[in-house]
Each structure stands twice: as C-alpha cells, then as structure tokens.
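*Asks:* If you scroll down you'll find the structure; I have some questions about it.
The values are calculated or read from the model by the stated rules, or taken from the named source; none is laboratory data. Source: prediction; values computed, not measured. Positions of Cβ are backbone-derived with ideal geometry, glycine not excepted, and every protein chain shown enters the neighbour counts.
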Amino acid sequence: MSPRSCLRSLRLLVFAVFSAAASNWLYLAKLSSVGSISEEETCEKLKGLIQRQVQMCKRNLEVMDSVRRGAQLAIEECQYQFRNRRWNCSTLDSLPVFGKVVTQGTREAAFVYAISSAGVAFAVTRACSSGELEKCGCDRTVHGVSPQGFQWSGCSDNIAYGVAFSQSFVDVRERSKGASSSRALMNLHNNEAGRKAILTHMRVECKCHGVSGSCEVKTCWRAVPPFRQVGHALKEKFDGATEVEPRRVGSSRALVPRNAQFKPHTDEDLVYLEPSPDFCEQDIRSGVLGTRGRTCNKTSKAIDGCELLCCGRGFHTAQVELAERCGCRFHWCCFVKCRQCQRLVEMHTCR
Amino acid sequence: MGVGRSARGRGGAASGVLLALAAALLAAGSASEYDYVSFQSDIGSYQSGRFYTKPPQCVDIPVDLRLCHNVGYKKMVLPNLLEHETMAEVKQQASSWVPLLNKNCHMGTQVFLCSLFAPVCLDRPIYPCRWLCEAVRDSCEPVMQFFGFYWPEMLKCDKFPEGDVCIAMTPPNTTEASKPQGTTVCPPCDNELKSEAIIEHLCASEFALRMKIKEVKKENGDKKIVPKKKKPLKLGPIKKKELKRLVLFLKNGADCPCHQLDNLSHNFLIMGRKVKSQYLLTAIHKWDKKNKEFKNFMKRMKNHECPTFQSVFK
C-alpha cells in the first residue's frame, strides 16, 4: 500500500465515522474505474451504501459496475446542467458527495435525486443492451411488425429492467426510513420523476437497409434517449419545481403544494421542502463553495451574468490568450492538419 | 447543364476554402506552425447512441468489400458513419453501390461513398464535404433513376459539413467535366464489357436471363422490350408463371441510344430488378461467346457464388 493510499484510506475512515448518518451511494462515482466490483467482500468496503444496499450488491455483483457508471453519469450531467449557476453541482471528496445541499430538502436536492435514479436506470439498461449483463439482455417483448408497418428488430432497450433495478437499489434507503418521513416522501417522488424522464422520452430508432440505402426494408427498435436529453428534461422540471409540505391525507401522509393556489404536481414534476440558500458565500461545513473566482459573462442578464453570478460583489477582468486549433483540413490520404491560433479574450471572474 | 453542376461543385469547394481563411483571419493572434491530429489514436469520440453496442475499432478493409478495398487507404472504423455495426452489414449495404461506381458518373463517387461506408481511422469522425456530396448526387442520381433508384435519405447532403473539416479528394484535373446526361446516355447499355464487372452486376441484380428479343418499342417514356425466348440464369423475384408473359422496361430510356439493341438477331444477357410491378433492365450484353471477356464471365459464372447476407438482419 502506497503512502498516498494509506493517507486516503485514513481520511476516508475518519469521514466515514462522522458521515455515517448521511451516507449516499453516489460516492460510487468516486471509485477508481480501473478496479471492478467483482467480489462480495468489495461490497462491504463500499462507502455510502446502507446495509440493504450492501446485501443487494452481493446478490447482484454483475450489476454494480453499471450502478457506478450511473452515478458518474448523474454527476457529470448535473455539472453540465448547472454549469452556469451559482451552485454548479461541485462535488466534495468526502461524504455526502454534494454536501448539505443534498441532505437538506432543497430544490437542488430534488434535481440530484432525480438525475441519480435516472442515471442508474439508464446505465443498467445500456448494460443490458450491450450484453454486459447476461441476466437481462434486450427487450424481447418488442418483436414482429409494428402498427406503422415496419419490422421490429435489433436490440430494443430493456428499460423495464433498468427502471426496476433503479427502484430496488436507489429507493431502498428511503423505504427503510418508514413512510412517515417527509424527506423520504420527497426523495421517493423525485427518484421516480427521474425514471419517468427516461420513460416518457423513449423513442423508436430505425435503420434503412433496402437496396442502395432505400427504406423499402426498414427495421426499428425502441431506444432510451441520450442522457443529455434526460438532463435537459429534468432541468426544466427543476426550474418549475413545486414547493410542498407534508399533510395528512386519510390515514397516510402526502406532500401537497405549500401554496394552495398552485395546481397539484404530477408524478413527473420535482418537489422540494426547503427554500435554497443563495449559494453566494463559501460555507465549507455545508459544502457550498460560493461564487468567488467563478468565470462569468459580462453581457448576460441571466444567472450566468456577472451581476447575478457574483451576487453584486463585482468582478475582475483579465486579458487571456487562448491557443486553439484552427483551419483544420483533411489531406488525402489520410490525415487532418491544423494550425495553432492565438486568440486574445477578456475573461471576467467574480470578486 | 453538366458544366453548371460542376461549377456549383467548385463553388462549394471555394466557399470551404474561404471559410477556412476567414476563420484564420478572425483570430487576433498570428497562426503558428502546424500540428497534426493524431492518427488512429483513441477513437472514443465516436461513442454516441447505438454505437455503445460495439465499441468503435480500426479494422482492415477486407478485399471482398468491393466498394472500398481500393479506395486509397487500408483501414476503416467499424461501426461506420452509416451506423452499420458489423462488417457483414457493411458488405451487404455497400454491394448495391458497386454497380454505380462502374458507371463513372462522377470521379468523386468512391471517395464520397467510402468516407461513410468505410471511414478513415482518425481520432474523431470526419464526414464528406457537402459540396462533394452535392456534386456526386447531381451527377449520379440521373443515372440511378434509370434503375428505379433515388438519392437515399441516409446520404442527404444537408447533413454533411460545410466549412468545417471534411473529406474530399482534390481531383488532379481541376477542370473536371462530367458527362452530359439524358439524351446521349443510356446507363443500362453503357456497361463495360469486363468479366469482373459483369459478375458484380449479376450479383447486384435481382434477376438475370439469357434471351432473344422479339421487338423493342416506346411506351410512356420507357423502352419496352418484348422477349422471344428466355432462359433464366437467376430468377429472383420472377415467378415461373410470370416468366411466360415477361416484359422488360428500360426506364426513362425511350430515346436513349442502346447499341446492343441495334441488331436483335443475337442472344442477350439481360439483368434487372423489379420495381413495383415493372421489371426494369439494369444491364444488357450481347451473348458473345467469341468475346474473350464474355467467355471469361461464362466460365466464372459456373462456380461463382454471390455473397449471401441473410444473417445480417435476424
């Protein structure tokens, strides 16, 4: 064991002790992608899993690499969708991965839970289609001739399996809390909204393989959308999320809009319980990095503009020389030759 | 008309160059020395959509990928840029384009088609230039229409780059002149009498017959060919009972010159395909046992097996 590994393990141990109450399986994304989860002992060592998830890990070893990939996919997509906002989905090296932003019932937490459950469903489904997971494979219920007249063929994505596994693995933590917790209800709702975002964007992809590429002969399959599309859909749900509060409905508890004038949310909408902080100043204990030093857009009036992103504190301006490729041309045969161009740009950063 | 189309093609090339220059001029700094995009290095950029089923890899272009095996490079990316995922699928789909190559309708046809069917191994996908696509389409679609084909959706030119880095082979002869189309060209009759080309055409055609011709007349803009005696070499879509009343059409060819039909006293090798309810002629050769190439074809035909691609789509 190298000294660095020792130090890292020690640090992880310390954080694990303090953060055990707020474990989060998204930490799987931090694992080195070189190693594979292939032994039951590995499950015991994974940070962020609750006991039920450890058991699921042992029973479904072959699926865990997809779960890890799903976690990575979720974080990358979150960071893309929030790249211009004050909170830009930055991650920590400790648990929980996103800090208190996720443990509080904020709108941001709603997005994180939705994109995470979607990431797992997506990655598992893809692993089915690629043959990586032998226990699922393609969706064999899609076959024969469609009502539109084309032949179903190829590998239709087995989204039912991916969704079911995501429900089993991701939701288990919330269900273990019991149905009475408002936060658990919020998380379950948003997890399901994430999976719905994939289901409602399933599409038919086709290939024409008649003579000379004509569509006289065409085969089609059902496919999950690109994950970027799922991210866009959930970001729009985030922008229109509904603030809710717990209320007794009959003999159980449900989440209802805090403002009675708002129409009730649907299964596909995101819901949140707590208002968000402004994310302006650094608060290490909460996992908020603040916006100091962030690059901003001087000419924009939107959230990425300097006025809003810098929270009125002002910004620095600097001239930066960018080196980039330009004038790329393909030469026969076969290489691409580019030139190096220097470009002087103004860069603005928040004070 | 041909000249007009060529001019448009050249215009496209010129605008590509201008855009490249404009990009260079817009840079505030000065251009420094060239660097090369890496060759055959990590091709992870290809990952998208359905390609996850088979990670992209750089493979040899097989000799029996007739469309592209002599294109000028030896390796290709699989899956290709038309989302063909296996080499069997590439071969099956490419085979129907081989006869078009033999038509020599545009000197860039092979480069254009192979940039998609057998893309070069670079670190990211590079598509053919839009102007090349337009030039090939404008020159070749009239020829394709003689065989009942139209420019397919998968090769629509507006999906290819304009101004961005793209593939085109600069012709050594910049004053390219494509053959005028229409009244002076008759594609099913303008076939090269070479045994290899005839074999490839035989494989690409749906049916083939040895037959004598009773008469040729015009009908609705087509040449209508009425057979006398016929012996099937390859029946394809023709049913036995239809064989008796078979009539062939040279599509859009009412007035085009077909020297093979000048003398109807010979036997002919006829190849074709069925489009809706019409049997279209795709190639005609005089059945000439004295011709060396034709004799060679007859010899090869006896034991030549056309590739079968049935397993591609299960």
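*Asks:* Do we find that A:H201 is surrounded by fewer than 22 Cβ atoms within 10 Å (Cβ to Cβ), within 14 Å of chain B (Cβ to nearest Cβ) and in contact with a Pro (Cβ under 6 Å, 6 or more places away or on another chain) in this structure? So that I can check it myself, show each step before the final result.
*Replies:* On the way: surrounded by fewer than 22 Cβ atoms within 10 Å (Cβ to Cβ): yes; within 14 Å of chain B (Cβ to nearest Cβ): yes; in contact with a Pro (Cβ under 6 Å, 6 or more places away or on another chain): yes.
For A:H201, the condition - surrounded by fewer than 22 Cβ atoms within 10 Å (Cβ to Cβ), within 14 Å of chain B (Cβ to nearest Cβ) and in contact with a Pro (Cβ under 6 Å, 6 or more places away or on another chain) - is met.
*Asks:* Can you pull out every residue in the stretch B:237-258 that is within 23 Å of the chain's Cα centre (by Cα) and surrounded by fewer than 16 Cβ atoms within 10 Å (Cβ to Cβ)?
*Replies:* From the stretch B:237-258, those within 23 Å of the chain's Cα centre (by Cα) are B:237, B:248-253, B:256-258; that's our starting set.
Hits for the stretch B:237-258 are B:P237, B:P257.
*Asks:* Just wondering, is there one or more residues in the stretch A:274-297 that are within 14 Å of another protein chain (Cβ to nearest Cβ) and more than 29 Å from A:L188 (Cα to Cα)?
*Replies:* no
*Asks:* Test B:H285 against the stated conditions and say whether it is of a type outside the set (A, V, I, L, M, F, W, C), buried (at least 18 other Cβ atoms within 10 Å of the Cβ) and in a helix (DSSP H, G or I). Lay out the reasoning, then the answer.
*Replies:* Working: of a type outside the set (A, V, I, L, M, F, W, C): yes; buried (at least 18 other Cβ atoms within 10 Å of the Cβ): yes; in a helix (DSSP H, G or I): no.
Answer is no for this residue.
*Asks:* Looking only at the stretch A:267-299, which residues are part of a strand (DSSP E or B) and among the charged types (D, E, K, R)?
*Replies:* Looking only at the stretch A:267-299, we keep the residues that are part of a strand (DSSP E or B), and these are A:271-272, A:283, A:288, A:295-297.
The one that is part of a strand (DSSP E or B) and among the charged types (D, E, K, R): A:D283.
*Asks:* Now a separate question. Out of all the residues in the stretch A:169-215, which are modelled with pLDDT of 95 or more and among the small types (G, A, S)?
*Replies:* Listed by number, the residues that qualify are A:A193, A:G194, A:A197.
*Asks:* I'd like to verify a number: residues in the stretch B:84-102 that are touching a Ser or Thr at 6+ places or on another chain (Cβ under 8 Å), surrounded by fewer than 23 Cβ atoms within 10 Å (Cβ to Cβ) and part of a loop (DSSP other than H, G, I, E, B), how many? Can you show your working first?
*Replies:* Just the residues of the stretch B:84-102 that are touching a Ser or Thr at 6+ places or on another chain (Cβ under 8 Å), to begin with: B:85, B:88, B:96-97, B:99-101.
With surrounded by fewer than 23 Cβ atoms within 10 Å (Cβ to Cβ) added as a condition, the list becomes B:85, B:88, B:96, B:101.
Imposing the further condition that a residue be part of a loop (DSSP other than H, G, I, E, B) reduces the set to B:85, B:96.
Of the residues in the stretch B:84-102, 2 are touching a Ser or Thr at 6+ places or on another chain (Cβ under 8 Å), surrounded by fewer than 23 Cβ atoms within 10 Å (Cβ to Cβ) and part of a loop (DSSP other than H, G, I, E, B).
*Asks:* Shifting gears a bit: If I ask for residues that are surrounded by fewer than 16 Cβ atoms within 10 Å (Cβ to Cβ), more than 14 Å from every other protein chain (Cβ to nearest Cβ) and not charged (D, E, K, R), which ones from the stretch A:302-338 would you list?
*Replies:* A:A302, A:I303, A:G312, A:G314, A:H316, A:T317, A:A318
*Asks:* Okay, next question. Report, by residue number, each residue of the stretch A:138-173 that is part of a loop (DSSP other than H, G, I, E, B), within 14 Å of chain B (Cβ to nearest Cβ) and either surrounded by fewer than 18 Cβ atoms within 10 Å (Cβ to Cβ) or not charged (D, E, K, R) (or both).
*Replies:* Answer for the stretch A:138-173, where residues must be part of a loop (DSSP other than H, G, I, E, B), within 14 Å of chain B (Cβ to nearest Cβ) and either surrounded by fewer than 18 Cβ atoms within 10 Å (Cβ to Cβ) or not charged (D, E, K, R) (or both): A:C138, A:R140, A:H143, A:G144, A:F150, A:S153, A:G154, A:C155, A:S156, A:N158.
*Asks:* Is at least one residue of the stretch A:228-249 in contact with a strand residue (DSSP E or B) (Cβ under 7 Å, 6 or more places away or on another chain), under 18 Å from A:T106 (Cβ atoms) and surrounded by fewer than 17 Cβ atoms within 10 Å (Cβ to Cβ)?
*Replies:* Taking the stretch A:228-249 first, the residues in contact with a strand residue (DSSP E or B) (Cβ under 7 Å, 6 or more places away or on another chain) are A:241-247.
Subsequent filtering for residues that are under 18 Å from A:T106 (Cβ atoms) retains A:241-246.
Okay, now just the ones that are also surrounded by fewer than 17 Cβ atoms within 10 Å (Cβ to Cβ), so A:245-246.
Within the stretch A:228-249, one or more residues are in contact with a strand residue (DSSP E or B) (Cβ under 7 Å, 6 or more places away or on another chain), under 18 Å from A:T106 (Cβ atoms) and surrounded by fewer than 17 Cβ atoms within 10 Å (Cβ to Cβ).
*Asks:* B:P161 fails exactly one of the following numbered conditions: (1) away from chain A (no Cβ under 14 Å); (2) modelled with pLDDT of 90 or more; (3) in a loop (DSSP other than H, G, I, E, B). What is the number of that condition?
*Replies:* Among (1) away from chain A (no Cβ under 14 Å); (2) modelled with pLDDT of 90 or more; (3) in a loop (DSSP other than H, G, I, E, B), the lone unmet condition for B:P161 is (1).
*Asks:* Is there a residue being in a loop (DSSP other than H, G, I, E, B), modelled with pLDDT under 90, among the basic types (K, R) and in the same structural domain as B:P232 (by the TED database) anywhere in the stretch B:263-274?
*Replies:* Checking the stretch B:263-274: not a single residue is in a loop (DSSP other than H, G, I, E, B), modelled with pLDDT under 90, among the basic types (K, R) and in the same structural domain as B:P232 (by the TED database).
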